[in-house]
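> This is the structure I have questions about; it appears just below.
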2 protein chains.
Amino acid sequence: MAYTVKKLAQISGVSVRTLHFYDEIGLLKPAYYGENKYRYYEEEQLLLLQQILFFRELKFNLNDIQRIMGSDDFDKIDTLLAHKKILKDDLSRIQSMLRTIDKTVSHLWGKTKMSEQEIFDGVRPHDDKKQKDYETYLLDKKIMTQKDLEQSWKRVENWQKEDWEKFHKSGDELNQSLAVAVEKNLAPESAEVQKLIRRHYEMVNYFWTPNKETYIGLGNLYREHPDFQKYYAKFHPQLVEFLIKAMKIFAERNL
Amino acid sequence: MAYTVKKLAQISGVSVRTLHFYDEIGLLKPAYYGENKYRYYEEEQLLLLQQILFFRELKFNLNDIQRIMGSDDFDKIDTLLAHKKILKDDLSRIQSMLRTIDKTVSHLWGKTKMSEQEIFDGVRPHDDKKQKDYETYLLDKKIMTQKDLEQSWKRVENWQKEDWEKFHKSGDELNQSLAVAVEKNLAPESAEVQKLIRRHYEMVNYFWTPNKETYIGLGNLYREHPDFQKYYAKFHPQLVEFLIKAMKIFAERNL
DNA sequence: TATTGACTCTCACGTTACGTCATACCTTAT
DNA sequence: ATAAGGTATGACGTAACGTGAGAGTCAATA
């Protein structure tokens, strides 16, 4: 019961080309060749191939696999343990890369916050009474916890007037772009709009990290509260609903 | 104060060849060329190079870096956050590789130390009456032919108790993994689950080679027969249905 | 000034593990 | 007999350079 290349390929999940290649480099030779030059494999080769693929999954290169296949179990243990060290190094390198990314993102955020200033709208410093109103809503609906709110406030405790200006400017720019999108009849699920929503999400994320439900909940706040309605209506009458729809889609796709 | 290739290379820690290459692909052009065709760089290029190297460290490929360098900070943030997801995936893949290595090493260690045997489940030698039941089903539904059955039996005619134990152990291990997958809410079409199904397919393939229809038919046998139901329920109540779904997907994709 | 050593340039092939044609032969079923 | 599908052997492409080869250039020294 010999396998042809295609059959072996299907069973083991590799390509025919891979089998050709493994033959070529001597990693896995067929059991025999037909006189038509066809390659025929048997159970033994299937088992060998499975071992090869096992090591390949572990990111061994084919040269090493070649060596491993000809070695005994003691050697295999050695090799595996040596490989483990390499993987651990990879691991910690990736971890440090992740930290670097986080730092860079927040740095860039700060930079965009600090960029030039145009007056699109006057500065609107916080009205504490209303703010509390929103907070009550967010807490009631379990969109944010008390801890979330505190951390969020800590983010801005050192902000100067200038910082608030930049912040509002970023938001206004974003909403202006969204208003254009509404005007152009773009769909909330279109790639362009979703990219803008991602910007919205990133801005929010700077203060607090929403999940699927809470991000949608935040959208609802925009609808419920007259102040938000008014704010968004300045850009476009249909913007609130459009934004909420787009946020929902974004949340369902990405969060 | 222009740098020649070698000087810039030394300062930035790359090779001269790299600078040649970056010039060639347009990633970093020198400030100007001398009439001797020499490349001359200035501070501006040094800063650009440092940015390039920053992203290179984060494992961006040069194409992406090229794009990044021409984009604004918002786009950079997007790109970085997208990249972060990729890195996180890499991270968890490496973590699972480390676990696999540990398991393999201890397995090999056990093997070399003694030809141990673990009792995962008692041996269940065949009950002939029931077996005939299954065979009738398989023949009726044209899932296997008489010839298939005979060949399949020939495979096991020389099996010893040990062989059956090993066989059952493999099966149990596989089902255990699948049960974990169910528990983790993995989708039947996910790569992880499909890899497990491939193992199932290979085990079946040892006895008989199913095609798309018959492999799906085999799945149905599992649902129809109370013995199979009971067997799979031992691992997880939803396992049968999950397995059948996953087998169907596997068959449609690979057979 | 001539020479030497360090530096530069432009090809161009090698690397890894295959993917992707191209072209031609083989097998199997209708 | 013809068509469909499998198989074989090239041979080029990939990513990001490393590593020469052969030839011209620059700066310092004898």
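> With the cut-off at 1.5 for a/c, could you classify the protein assembly as shown from its C-alpha gyration tensor as rounded, prolate or oblate?
Since a/c reaches 1.5 but b/c is at least a/b, the shape of the protein assembly as shown is classed as oblate.
> Run through the other copies and list how far each one's label point is from that of B:Ala31, in nm with one decimal, shortest first; the point sits 7 Å from Cα along Cα-Cβ.
Here the equivalent label points are 7.0 nm apart from this one.
> Using θ = phi - 60° and the Karplus form 6.51 cos²θ - 1.76 cosθ + 1.60, what ³J(HN,Hα) does each residue of segment B:57-63 get, whole Hz, x for Gly and Pro?
Per residue, the Karplus-derived 3J(HN,Hα) values read 4, 7, 6, 6, 7, 5, 4 Hz.
> Any of A:Lys141/A:Lys212; A:Lys147/B:Lys76; A:Lys103/B:Lys59 with alpha carbons more than 20 Å apart? Name them for me.
Where the Cα-Cα span goes over 20 Å, the pairs concerned are A:Lys147/B:Lys76.
> Which whole-Hz ³J(HN,Hα) couplings does segment A:98-105 yield from phi under the Karplus relation 6.51 cos²θ - 1.76 cosθ + 1.60, θ = phi - 60°, glycine and proline marked x?
Along segment A:98-105, the couplings run 4, 4, 4, 4, 4, 4, 5, 4 Hz.
> Can you tell me the dipole magnitude for segment B:5-69 around its Cα centre, using point charges on the Cβ only (Lys, Arg +1; Asp, Glu -1), in Debye to the nearest 20?
220
> Do the alpha carbons of any pairs in A:Lys248/B:Lys184; A:Lys37/B:Lys245; A:Lys85/B:Lys85 sit beyond 28 Å of each other, and which pairs?
Distance filter (> 28 Å) returns A:Lys37/B:Lys245.
> Considering only B:Tyr32, B:Leu46, B:Leu19, whose Cα is most displaced toward the positive end of the charge dipole of segment B:5-69, charges sitting on Cβ of Lys, Arg (+1) and Asp, Glu (-1)?
Of the options given, the answer is B:Leu19.
> By how many degrees, between 0 and 90 and to the nearest 10, does the Cα long axis of helix B:161-183 differ from the longest principal axis of chain B?
That works out to roughly 60 degrees.
> Let me ask something additional. Based on DSSP H runs of at least 4 residues, each adding -39500 (n - 2.57), what is the mean residue ellipticity at 222 nm of the protein assembly as shown after dividing by all its residues, to the nearest 500 deg cm²/dmol?
Result for the protein assembly as shown: -23500 deg cm²/dmol, rounded to the nearest 500.
> Quantify how strongly other chains surround peptide A:80-93 by giving the mean number of their Cβ atoms within 10 Å of each of its Cβ atoms.
If you average over the peptide's residues, the count of other-chain Cβ atoms is 3.
> Another one. Going by amide H atoms built from the backbone, whose H comes under 5 Å of the H on A:Tyr3, apart from near neighbours?
Hits under the 5 Å cutoff: A:Tyr41, A:Glu42.
> To the nearest 20 debye, what is the magnitude of the charge dipole of segment A:128-254 about its Cα centre, counting +1 on the Cβ of each Lys and Arg and -1 on the Cβ of each Asp and Glu?
Details: 22 positive and 21 negative charges, 31 e Å.
Around 160 debye, computed over segment A:128-254.
> B:Asn211 label points, 7 Å along Cα→Cβ, one per copy: pairwise distances from this copy to the rest in nm, shortest first?
Once sorted, the set of distances for B:Asn211 reads 4.8 nm.
> Would you pull out the residues with amide H under 5 Å of B:Met144's amide H, same chain only if 5 or more places away, H placed 1.01 Å from N?
It is B:Leu139, by chain and number.
> When the Cα centres of segment A:1-35 and segment A:86-102 are compared, how far apart do they sit, in Å?
Cα centres, segment A:1-35 to segment A:86-102: 37 Å.
> Inter-copy label distances at A:Phe54, 7 Å along the Cα→beta-carbon direction, one decimal in nm, shortest first?
4.5
> Would you compute the Debye intensity of segment A:7-54 from its alpha-carbon atoms alone, equal scatterers and no solvent, and pass along log10 I(q)/I(0) at q = 0.13, 0.14, 0.18, 0.24 Å⁻¹ to two decimals?
With one equal scatterer per Cα and no solvent, log10 I(q)/I(0) is -0.25, -0.29, -0.48, -0.88.
> Also: Given N residues in chain A, what is Rg(Cα) / (2.2 N^0.38 Å)?
Relative to the 2.2 N^0.38 Å estimate, chain A comes out at 1.62.
> For segment A:144-253, take the convex hull of the Cα atoms, compute a quarter of its surface area, and give me that in nm², please.
Averaged projected area of segment A:144-253's Cα convex hull equals 6.8 nm².
> Roughly how tilted is helix A:212-224, in degrees to the nearest 10 and between 0 and 90, from the longest Cα axis of chain A?
The two axes meet at around 20 degrees.
> Given springs between every Cα pair under 10 Å in a Gaussian network model of chain A, which of A:Glu202, A:Glu165, A:Glu57 has the largest fluctuation?
A:Glu57
> For chain A, give the magnitude of the charge dipole about the Cα centre (Cβ charges: +1 Lys/Arg, -1 Asp/Glu; no others), in debye to the nearest 20.
The dipole magnitude comes to about 160 debye.
> Helix A:239-254 versus the longest principal axis of chain A: what is the Cα-based angle in degrees, 0 to 90, to the nearest 10?
Orientation of helix A:239-254: about 20 degrees from the principal axis.
> Follow-up. How crowded by other chains is A:58-64, given as the mean number of beta carbons from other chains within 10 Å of each beta carbon? Don't skip to the end; give the middle numbers.
On the way: counts 6, 3, 0, 0, 0, 0, 0.
What the average comes to for A:58-64 is 1.
FYI, it's all coordinate maths here, none of it is from the lab. What you see is a predicted model, and the numbers here were worked out from it, not measured in a lab. So basically every Cβ, Gly included, is an ideal-geometry build from the backbone, and we count neighbours across all protein chains shown.
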